[in-house]
Every structure is written in C-alpha cells, then in structure tokens.
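The values are calculated or read from the model by the stated rules, or taken from the named source; none is laboratory data. Being a predicted model, the structure only gives us computed values, none of them experimental. Cβ placement follows ideal geometry from the backbone for every residue including glycine, while neighbour counts extend to all protein chains displayed.
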Amino acid sequence: MTQETSAFQVGDRVKLVLDKERSPDNQLHGRTGEITDIEFDDLGETTGNSQDNFIYTVKLDSGKTPDIHFRRYDLKPA
C-alpha cells in the first residue's frame, strides 16, 4: 500500500473556489477559512487521481463551518 498525501493539510488557510453557476453552495464562493479536518474516500479510483481521495472540512473566517465538505478543486491557498 502506498502512502497518500493530500493537497492540503489541517491548519492550511484556503479560499473557496466554487462554480458560481452550478454549485448549490455558490454563496460560499470566495470565502476564506482554515482546514480543520481531512477525511479519506476512494473517489481517486474512479477519477484516476489519488488527490481526489481527500475531503476537506473548512472553518470559515466568520467562525462558521459549513455542513458540506470540499474537494481539492474547490480550494486554493489563501
């Protein structure tokens, strides 16, 4: 088994980059926060990219933690 490394780590500051037209959570687009948790699943087996195996929880600068999780393509370094 190989060790997986996520694109982001707990404590990293990120900006949410959500599809403004397609995402039901597009009101969060552009908000910034900190990664507080990282979970693992097997989406990478479907997409062929092991970075897709990680699901991130982000606590926004407002103090709220949305009840949704984000993938690496929803985030960029803040």
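When region 49-67 is filtered for residues that are modelled with pLDDT of 90 or more and either loosely packed, with under 14 Cβ neighbours inside 10 Å or of a type in the set (A, V, I, L, M) (or both), the ones remaining, listed by number, are Ile55, Val58, Leu60, Asp61, Ser62, Gly63, Lys64, Asp67. The number of residues in region 42-57 being acidic (Asp, Glu) and either touching a helix residue (DSSP H, G or I) at 6+ places or on another chain (Cβ under 6 Å) or closer than 20 Å to Arg13 by Cα (or both) comes to 1. Among the residues of region 11-39, those that are modelled with pLDDT under 95, of a type outside the set (Gly, Ala, Ser) and farther than 17 Å from Asp67 by Cβ comprise Val17, Asp19, Lys20, Glu21, Arg22.
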